[in-house]
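Here's the structure we're looking at; comments come further down.
The values are calculated or read from the model by the stated rules, or taken from the named source; none is laboratory data. Quick caveat: nothing in here was measured; it's all calculated off a predicted structure. Methodologically, a virtual Cβ is constructed for each residue, glycine included, from the backbone with ideal geometry; neighbour enumeration extends over all protein chains shown. SASA here: full protein model, heavy atoms, side chains in, ligands and nucleic acids out. Shrake-Rupley method; radii C 1.70, N 1.55, O 1.52, S 1.80 Å.
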Amino acid sequence: MVAVTGDGPQRYDAVVVGSGFGGSIAALRLAEAGKSVCVLERGRRYGLGEFPRDVTDVDALLWEHPARPRSLGLYDARFLSGIGTVTASGVGGGSLVYASIHIRPDASVFDGRGWPRSLDRDGLEPYYDRVAAMLHVRPLPEDVALPKRDAFRAAAAAVGREVFDPDQAVAWTEPPGDGRDACRLCAECEFGCQVGAKHTLDLTYLARAEARGAVVVPRALASHVAPAREGYTVVYRDLRDGAVRAVRGARVVLAAGTLGTTEILLRSRDLARTLPELSPALGTGFSGNGDFLGSIQNSRQDLVPWRGPDVTSVIRYLEEPPEFTLAAPTFSLPVMEVLASLGQGSGRALQRAGPALWPRLGTILRWALRRGLLSRPVRLRGPNAGDPARMTNLFAIGRDSAGGRMGLRRGRLDVEWDYVRENRELIVRMEAAMREVADAYGGTFAPILTWNVFRRIVTVHPLGGCRLAESRRRGVVSPEGEAFGYPGLYVADGSVIPSSIGFHPVMTISAVAERIADAVVASYPGP
C-alpha cells in the first residue's frame with residue numbers, strides 16, 4: 001500500500017467513513033453524545049442549485065476514480081461481472097439522488113433469510129420512528145392532482161392489487177427554511193433537488209452533527225483500516241491533491257455503502273493485511289434487492305409524467321413468494337423525451353455481442369454522454385417510441401436470493417453472480433406483472449434494454465457483503481454492527497442487511513443504523 005504522507009494522524013473519538021444514511025446517523029448520535037467525530041466522504045458537497053444538469057459534462061456527472069481521476073461526479077455506475085450498480089457520491093450519500101421513498105417493510109421480511117433472532121420488525125419500530133421524525137416523512141398529499149398517480153392507482157384496481165402512497169422525505173407545501181423551497185413537483189428527485197425540498201442527510205442528520213462539532217472532510221477516499229493503539233487508523237487519499245493521509249479514531253464506523261464498505265474491508269484483509277481475522281463471510285450475501293426495470297409506452301391517456309415527485313405510489317405483490325413491490329417512476333420533461341424516443345427495442349441484434357459489450361458499457365455510456373447523444377431525443381426512434389406524455393417507467397423491487405459474491409479483481413471490487421439461474425421465478429413473476437399493468441394502461445411494455453441484451457439487472461439498491469449475524473461463521477458483524485474479532489470497528493450501512501427486502505430499503509437501512517449508533521455510543525467506557 002502507498003505510504004502515508006505528512007504528520008501523524010489526527011485523533012478523534014470516532015471516525016466515520018461515508019456520509020449516507022449510515023454515516024450521517026452515526027455522526028449525529030456520536031456528536032450528541034459529546035464525542036469528537038470526523039466524517040470522511042469521497043464526494044464533494046453540493047449546495048442548492050449545484051447539482052449537474054448538463055449531461056455532456058461527464059466529469060461532473062459520473063464517478064470514475066481511479067480510472068479517471070478528474071471524474072469525481074455524482075453517479076457511480078459500475079458494470080460488474082454479475083450485475084450493474086448505480087450509487088451516489090457526495091456529502092449526503094445516496095440521499096442526494098434517491099426517490100425519497102420511506103417504507104416500513106412487512107414483518108415477514110425479517111423471518112429467516114439470515115436475520116439475527118434479535119432483529120425483527122417490532123424491535124426496529126422505535127428506530128423507524130426516529131428516522132421518520134428526523135426526516136419529516138409523509139405521503140404526497142391527496143389534494144395534489146396528478147394524472148400519473150391516478151393512472152397507476154387505476155391500473156392497480158384493474159389488476160386487483162393493493163396500492164398505497166408511501167411516506168417520502170419531502171417538504172410538500174411549506175418551505176423548510178435556510179433558503180430551501182417546498183417541492184416544485186418537477187420530477188427531478190433522482191437528479192439532486194436544486195431547491196432543497198428533499199430532506200437529504202446533508203441538510204438534516206449531518207447538518208445537526210456539524211452543528212455539534214463533527215468535522216466533515218469531502219473528497220477523502222478511504223483505502224483501508226488498520227489497528228492502532230486505542231483504536232484504528234483509517235488511511236485515505238485526499239482527492240484534492242492526491243496525498244495519502246490518515247486519521248485515527250477510538251471507534252471507526254464504516255458506512256461507505258454496500259460497495260464502498262465491502263471494498264475497504266476486503267482491501268484491509270487481503271491486500272494491506274491489516275485486518276487478517278475478518279470473517280470469511282466477508283463479501284458474501286450480496287443482493288440487488290430484486291431491482292427490475294421496464295417501461296410502458298403509448299398509454300391510452302396523457303400521464304403528464306414530468307409533474308410530481310418521481311414516485312407517487314407502490315403496488316404490493318406479497319401474497320405468495322417470490323414477493324415484490326412495483327412503482328412507476330418518471331422524470332423531468334427533457335429526460336422523458338429522450339427515454340420515449342429510444343423506444344422499446346428487443347435487443348436481439350446485440351445479444352451475441354452482449355458478453356463482450358457488458359464490461360465496456362461504462363466507456364460506451366461516457367462516449368454517448370460526452371457527444372450529447374442522450375441530451376436530446378434520438379433521431380432514429382426505436383420500436384414503439386411514442387409521445388413522452390404517454391410513457392412511464394416501471395420499477396419492481398423483489399426478494400432475490402442474495403447470492404452474489406463480492407471480491408477483488410486486480411485490486412478493484414467485482415461481483416460474481418448467476419442472477420438469472422438463482423432468480424428465474426422472481427423475474428418471470430415481475431415481468432408478467434409489468435405486462436399486466438401495461439395492458440391496464442392500454443400501452444406497450446418492454447423490460448429495460450440492458451436486460452434484453454445482457455440478461456443482467458442494474459440495481460440502485462445494493463445490499464449485503466458485511467452481513468449482521470450471531471457468529472463469525474455466518475456473517476461479518478454482530479447484531480450491534482461490530483466486526484467480529486475487531487472491537488471498536490463497526491459497519492452501519494446497506495452492506496450489513498442480511499437479505500433482500502422487497503421494498504425500497506432505505507428506511508430499514510436507516511433504522512438498523514440508528515440501532516448500531518446506540519451500540520457505538522454505549523461502547524465507550526463510562527466517566
Whole-Hz ³J(HN,Hα) from phi, Karplus 6.51 cos²θ - 1.76 cosθ + 1.60, for the range 458-467, glycine and proline x: 10, 10, 10, 10, x, 9, x, x, 10, 4
Taking the Cα centre of the range 309-376 as the origin, how large is its charge dipole in debye, to the nearest 20, when only Lys and Arg (+1) and Asp and Glu (-1) carry charge on their Cβ atoms? 700 debye
Step through the residues of the range 269-286 one at a time and calculate ³J(HN,Hα) from phi using the Karplus curve (6.51 cos²θ - 1.76 cosθ + 1.60, θ = phi - 60°), rounding each to whole Hz and writing x for Gly and Pro. 7, 9, 9, 6, 6, 8, 10, x, 9, 4, 4, x, 6, 4, x, 8, x, 5
Specify the angular offset, from 0 to 90 degrees and rounded to the nearest 10, of the alpha carbon long axis of helix 147-158 from the longest principal axis of the alpha carbons in the chain. 80 degrees
From phi via Karplus (6.51, -1.76, 1.60), per-residue ³J(HN,Hα) for the range 469-480 in Hz, x at Gly/Pro: 7, 8, 8, 5, 5, 9, x, 9, 10, 6, x, 9
So, in Å, what gap is there between the alpha-carbon centers of the range 474-506 and the range 111-170? 23 Å
Charge tally for neighbours of P69 with beta carbon under 15 Å away, counting Lys, Arg as +1 and Asp, Glu as -1, is +4
Residue-normalised 222 nm signal for the chain, counting each DSSP H run of n ≥ 4 as -39,500 (n - 2.57), nearest 500 deg cm²/dmol, is -7500 deg cm²/dmol
The range 400-487: trypsin sites (Lys or Arg not before Pro) falling in loop per DSSP and having at most 13 other Cβ within 10 Å: R410, R473
Leaving ligands, DNA and RNA out of it, report the carbon-plus-sulfur percent of the accessible area of the chain at a 1.4 Å probe. 50 percent
Using only the Cα atoms of the range 431-527, what are the Rg and Dmax in Å? 19.5, 67
Which value, in Å², gives the accessible area per residue of the range 305-380 when a 1.4 Å probe is used on the protein heavy atoms? 51 Å²
Could you give the dipole magnitude of the chain about its Cα centre, charging the beta-carbon of Lys and Arg +1 and that of Asp and Glu -1, in debye to the nearest 20? 1820 debye
Quick check: the distance between the Cα centres of the range 216-237 and the range 418-436, to the nearest angstrom? 41 Å
Cα shape, the range 50-101, gyration tensor, a/c 1.5 rule: oblate
Pairing the Cα long axis of helix 333-342 with the longest principal axis of the chain, what angle in degrees results, from 0 to 90 and rounded to the nearest 10? 70 degrees
Name the long-range amide H neighbours of L394: under 5 Å, sequence gap of 5 or more, or other chain; modelled H, no Pro or chain starts. G294, S295, I296
